[in-house]
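The values are calculated or read from the model by the stated rules, or taken from the named source; none is laboratory data. Here the structure is a predicted model, which means the values were calculated and not measured. Note: ideal-geometry Cβ built from the backbone for every residue, glycine included; neighbour counts use all protein chains shown.
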Amino acid sequence: MGYQHAVTAYRPLIAGNWKMHGVEASLGEARAIGAWLEESPASARVAICPPATLIARLSAAMIGLPVEIGAQDCHSEANGAFTGDVSAEMVAEAGARLVILGHSERRAMHGESDAIVARKVAAALGVGLEPIICVGESLEERKAGAAVTIVEHQVRGSAPEILAGRPFAIAYEPVWAIGTGLVPTLAEIEDVHGAIRDVLGSLFGQAAGAVAILYGGSVKASNAAEILSAENVGGALVGGASLRAADFLPIIAAA
Ligand code: 13P
């Protein structure tokens, strides 16, 4: 499918989402990734998004190494009576520079709507975090032929106007491809990514061409090069295969 907005040059982003995996001992994997990248600089930006408890320690371990640190979520409010939550300022102070927002696991298990995600985006921007805004259809929606419509709607609802002129990324993660080993065809990925580029163009004009649109869902060493070569794919958001250096590094090298 054709898209109307020209893509400008930007560095692809390969981000690892550790989800609820990782304790102190896991820092060794991150150190191995950092050391390897120092020796063999990647063409892509590389980020690791550990659980909130590891952000500060991972940031300290990565000082001087070409690995950026991200959080997996933040609250939409600056502070308050929100037991168990962390604010954008808290994760930024701990060392995060990016933040994943609206991941399908948070949308499904924590009831996050597009409107909530949009408010979290505003909170993140308020402290200088770069949001990675996640969207993606369910299997039922894909089977019903509604994937593009659903994703367009999510982008419109989750990417507020305040993003204009600010760095951010979108991650297309079909829910049925997460942790399942299933991956859409390249044509299906390009179809959705082209639609996302078009929506961003209608929201942000020319600047839409500089937004990295990541693909996520069962990315691994064996499929990364093909996925990353697809039109309008500007990187990857990697779950399971980001937990070990031996699995993550070949994906980085494929970018
Ligand atoms: P997997 O790579 O484990 O499928 O997870 C994808 C994901 O949800 C990244 O945010």
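Residue-wise test of (1) touching a Ser or Thr at 6+ places or on another chain (Cβ under 8 Å); (2) of a type in the set (D, E, K, R).
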{"site": "R166", "(1), (2)": "no, yes"}
{"site": "I170", "(1), (2)": "no, no"}
{"site": "V175", "(1), (2)": "yes, no"}
{"site": "I178", "(1), (2)": "yes, no"}
{"site": "L182", "(1), (2)": "yes, no"}
{"site": "I189", "(1), (2)": "no, no"}
{"site": "V192", "(1), (2)": "no, no"}
{"site": "I196", "(1), (2)": "no, no"}
{"site": "L200", "(1), (2)": "no, no"}
Worksheet item: Which one of the conditions (1) in a helix (DSSP H, G or I); (2) within 15 Å of the ligand (Cβ to nearest atom) does I116 fail to meet, given that it meets all the rest?
Response: (2)
Response to the item:
Over the stretch 3-57, the set of residues among the hydrophobic types (A, V, I, L, M, F, W, C) and in a helix (DSSP H, G or I) is A25, L27, A30, A32, I33, A35, W36, L37, A52, L54, I55, A56
Response to the item:
When (1) among the small types (G, A, S); (2) under 19 Å from G136 (Cβ atoms); (3) not in a loop (DSSP other than H, G, I, E, B) are applied to G111, the one that fails is (3)
Fill in: Sole exception among (1) under 22 Å from S26 (Cα atoms); (2) part of a loop (DSSP other than H, G, I, E, B); (3) β-branched (V, I, T) for V91, by number
(2)
Item to complete: Examine the stretch 183-192 for a residue that is under 17 Å from A147 (Cβ atoms), within 14 Å of the ligand (Cβ to nearest atom) and in a loop (DSSP other than H, G, I, E, B), and state whether such a residue exists.
Response: yes
Worksheet item: Out of (1) under 21 Å from L101 (Cα atoms); (2) surrounded by 16 or more Cβ atoms within 10 Å (Cβ to Cβ); (3) away from the ligand (no atom under 16 Å from the Cβ); (4) not polar (S, T, N, Q), what's the single condition that is false for A177?
Response: (3)
Worksheet entry | Odd one out for V219, checked against (1) surrounded by 21 or more Cβ atoms within 10 Å (Cβ to Cβ); (2) more than 12 Å from the ligand (Cβ to nearest atom) | (2)
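Residue by residue, here is whether (1) surrounded by 16 or more Cβ atoms within 10 Å (Cβ to Cβ); (2) within 17 Å of the chain's Cα centre (by Cα); (3) at pLDDT below 95; (4) over 22 Å from G216 (Cβ atoms) holds:
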| position | (1), (2), (3), (4) |
| --- | --- |
| L65 | yes, no, no, yes |
| A71 | yes, yes, no, no |
| G80 | no, no, no, yes |
| G84 | no, no, no, yes |
| S87 | yes, no, no, yes |
| E105 | yes, yes, no, no |
| G111 | no, no, no, no |
| L125 | yes, yes, no, no |
| G128 | no, yes, no, yes |
Practice prompt. Name every residue in the stretch 74-106 that is more than 21 Å from A241 (Cβ to Cβ), within 16 Å of the ligand (Cβ to nearest atom) and not aliphatic (A, V, I, L, M), in order of residue number.
Written response: C74, G102
Worksheet item: With (1) touching a strand residue (DSSP E or B) at 6+ places or on another chain (Cβ under 8 Å); (2) more than 15 Å from the ligand (Cβ to nearest atom) as the list, and A210 as the residue in question, which single condition is left unmet?
Response: (1)
Practice prompt. Filter the stretch 231-246 for residues that are more than 10 Å from the ligand (Cβ to nearest atom) and either of a type in the set (D, E) or under 18 Å from V135 (Cα atoms) (or both) and give the result.
Written response: E231, N232, V233, G234, G235
Worksheet entry | Members of the stretch 81-115 that are acidic (D, E) and closer than 21 Å to P160 by Cβ | D85, E89, E112, D114
Worksheet item: Within the set of pairs 6+ apart or on separate chains, which have a first residue in the stretch 122-137 that is under 17 Å from R156 (Cα atoms), a second that is among the charged types (D, E, K, R) and not in a helix (DSSP H, G or I), and C-beta atoms under 9 Å apart?
Response: P131/R166; C134/E173; V135/E173; G136/E173
Practice prompt. Only residues that are of a type outside the set (S, T, N, Q), away from the ligand (no atom under 16 Å from the Cβ) and not in a loop (DSSP other than H, G, I, E, B): list them for the stretch 149-174, please.
Written response: I150, E152, H153, V155, R156, G157, E161, I162, L163
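Test G28 against the criterion of being out of contact with any Gly (no Cβ under 7 Å at 6 or more places or on another chain) and touching a residue at least 12 places away in the same chain (Cβ under 8 Å), and give yes or no. Spell out the reasoning first.
Numbers: out of contact with any Gly (no Cβ under 7 Å at 6 or more places or on another chain): yes; touching a residue at least 12 places away in the same chain (Cβ under 8 Å): no.
For G28, the condition - out of contact with any Gly (no Cβ under 7 Å at 6 or more places or on another chain) and touching a residue at least 12 places away in the same chain (Cβ under 8 Å) - is not met.
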